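Peer 1: Here it is, the structure in full.
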Amino acid sequence: MIEIARAELSSTVSPERFVARWRDLATHPEWAAGMEYLRLDEPFAVGARGVLKVRGGHEAPFVVAEYVDGRLYADTTILDGAELTVHHSAVPSESGSALVLRAWLTGARAAEYADQMRDDVQRSLDADLAALARMLESENEATARGLE
C-alpha cells in the first residue's frame, strides 16, 4: 500500500451529515469539483459496483469498499494494474466532527500511479473536503437562522 494523500479538517457539522453526503454519490459533483459523476450499477452496499468519471478523464469502474453508517465511507477505483482507495472518516469531536480523508494505491503498478497522481489527488482531497465542510456548515447556519 502506498498512501498518496491525506486531508484533515474539523467542522461544527455532525459526522453523520458528512457520511450521508459521502454515501450520496450522485451529489459528489456539487462539492467535488474534479468529479463529473459517480454512478452505482446496483443498490448501495459494501461491494456494490459502479462507474465514475473525473473531469477531463476516462470512465473507470469502482466498488464501495467500506461503509459504517455515520462514521465512514470508502471506495476503490479499479485502474490498469492498480487500485486507488479513497477512505473518508468522520468521528465526533467537541466542536462537531474530526474528518480524515486518505487515499492509497495497491497493486503491481501502484508506484507508477503514485508518481503520476500524488499531487492531483492531494489537491483534490484538500479542496473537496473544504468545499463539503463549507456547504454543510452553511446549511447548518441557514437552518439555525430559520429557527430563530
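Peer 1: Counting only other residues whose beta carbon sits under 11 Å from that of Arg21, what net charge do I get with K and R as +1, D and E as -1?
Peer 2: Result for the neighbourhood of Arg21: -3.
Peer 1: How big is the gap, in Å, between the Cα center of the stretch 73-146 and the Cα center of the stretch 1-53?
Peer 2: If you average the Cα positions of each part, the centres end up 7 Å apart.
Peer 1: Quick one: pull the percent of accessible area on the chain belonging to carbon and sulfur, 1.4 Å probe, ligands and nucleic acids left out.
Peer 2: 51
Peer 1: Let me ask another. Please give the contour-minus-distance gain from Ala33 to Ala111: 0.36 nm per residue of separation, less the Cα-Cα distance, rounded to one decimal in nm.
Peer 2: 25.5 nm
Peer 1: Under a crude label model (7 Å from the Cα following the beta-carbon direction), how far is Arg6 from Glu42 in nanometres?
Peer 2: Rounded to a tenth, the inter-label distance reads 3.3 nm.
Peer 1: Averaged per residue, what accessible area in Å² does the stretch 1-53 show with a 1.4 Å probe, protein chains only? Each step should come with its number before you reach the end.
Peer 2: Details: 2710 Å² over 53 residues.
It amounts to 51 Å² per residue over the stretch 1-53.
Peer 1: Here is a further query. Compute the Kirkwood hydrodynamic radius of the stretch 68-148, taking the inverse of the mean of 1/r over all pairs of distinct Cα atoms, and give it in Å to one decimal.
Peer 2: Numbers: mean 1/r = 0.0680 Å⁻¹.
Here the Kirkwood hydrodynamic radius works out to 14.7 Å.
Peer 1: Kirkwood-based Rg over Rh for the stretch 1-95 (C-alpha set), two decimals?
Peer 2: Reported Rg/Rh (Cα atoms, Kirkwood Rh): 0.96.
The values are calculated or read from the model by the stated rules, or taken from the named source; none is laboratory data. As the structure is a computational prediction, the values presented were derived from the model and not from experiment. No Cβ is skipped: glycine too gets one built from the backbone with ideal geometry, and neighbour counts run over all protein chains shown. With ligands, DNA and RNA removed, areas are computed over all heavy atoms of the protein, side chains included. Shrake-Rupley method; radii C 1.70, N 1.55, O 1.52, S 1.80 Å.
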